[in-house]
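The values are calculated or read from the model by the stated rules, or taken from the named source; none is laboratory data. The model shown is predicted, which means the values in this text are computed figures rather than measured ones. Every residue, glycine as well, gets a Cβ built from its backbone with ideal geometry; the counts of neighbours run over all protein chains shown.
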């Protein structure tokens with residue numbers, strides 16, 4: 001299964017404060033409203049430019065800072081298909097997997113804003129259609145892929161419970 005979309009490029013150390021600015025903390029009970037402000041402090045035009053199925057591509061340490069579990073939620077609700085980065089903050093990584101937001105750790109150095117890419121999570125590769133190159137990544141362990149495929153940890157547990165009776 002391959003996903004295709006455009007790159008929205010960010011640098012290193014994109015914190016949860018940049019993902020969801022603190023001034024919108026009062027919206028945390030309304031994630032759809034909060035998602036209208038995702039990445040606003042890193043790129044004020046992001047929500048206007050982004051289309052459902054596009055990708056965030058960043059450098060190192062994406063999701064660092066405070067442990068705002070709303071951060072991966074608003075990325076997903078905004079329609080981002082996956083986040084590709086050189087590395088992720090540990091808590092952000094697990095929160096994203098738990099809600100079913102795919103994170104791909106790979107070399108993102110040569111991806112540019114607006115590039116069209118195709119991500120094949122099963123093959124472990126990202127093809128840059130615009131620039132004509134491919135990067136590979138280490139696939140997630142099977143149990144984490146099962147959680148993602150289920151749509152998140154809650155649905156994964158529900159399915160396991162239903163399956164096991």
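Based on this model, can you work out whether residue 76 counts as at pLDDT below 90 and out of contact with any strand residue (DSSP E or B) (no Cβ under 8 Å at 6 or more places or on another chain)? No, not satisfied.
Counting only residues that are in a loop (DSSP other than H, G, I, E, B), touching a helix residue (DSSP H, G or I) at 6+ places or on another chain (Cβ under 9 Å) and surrounded by fewer than 16 Cβ atoms within 10 Å (Cβ to Cβ), segment 118-153 holds 3 of them. A count restricted to segment 53-92 and to residues that are part of a helix (DSSP H, G or I) and within 19 Å of residue 120 (Cα to Cα) stands at 1.
When the residues of segment 89-100 are filtered to those that are within 10 Å of the chain's Cα centre (by Cα) and without any contact (Cβ under 8 Å) to a residue 40 or more places away in the chain, the one that is farthest from residue 54 (Cα to Cα) is 93. Please go through segment 93-110 and pick out each residue that is over 16 Å from residue 42 (Cβ atoms), part of a loop (DSSP other than H, G, I, E, B) and touching a strand residue (DSSP E or B) at 6+ places or on another chain (Cβ under 6 Å). Answer for segment 93-110, where residues must be over 16 Å from residue 42 (Cβ atoms), part of a loop (DSSP other than H, G, I, E, B) and touching a strand residue (DSSP E or B) at 6+ places or on another chain (Cβ under 6 Å): 102, 106, 107. Whenever a residue of segment 11-32 is over 17 Å from residue 46 (Cβ atoms), it has no partner that is in a helix (DSSP H, G or I) and modelled with pLDDT of 95 or more lying with C-beta atoms less than 6 angstrom away and at least six residues away or across chains.
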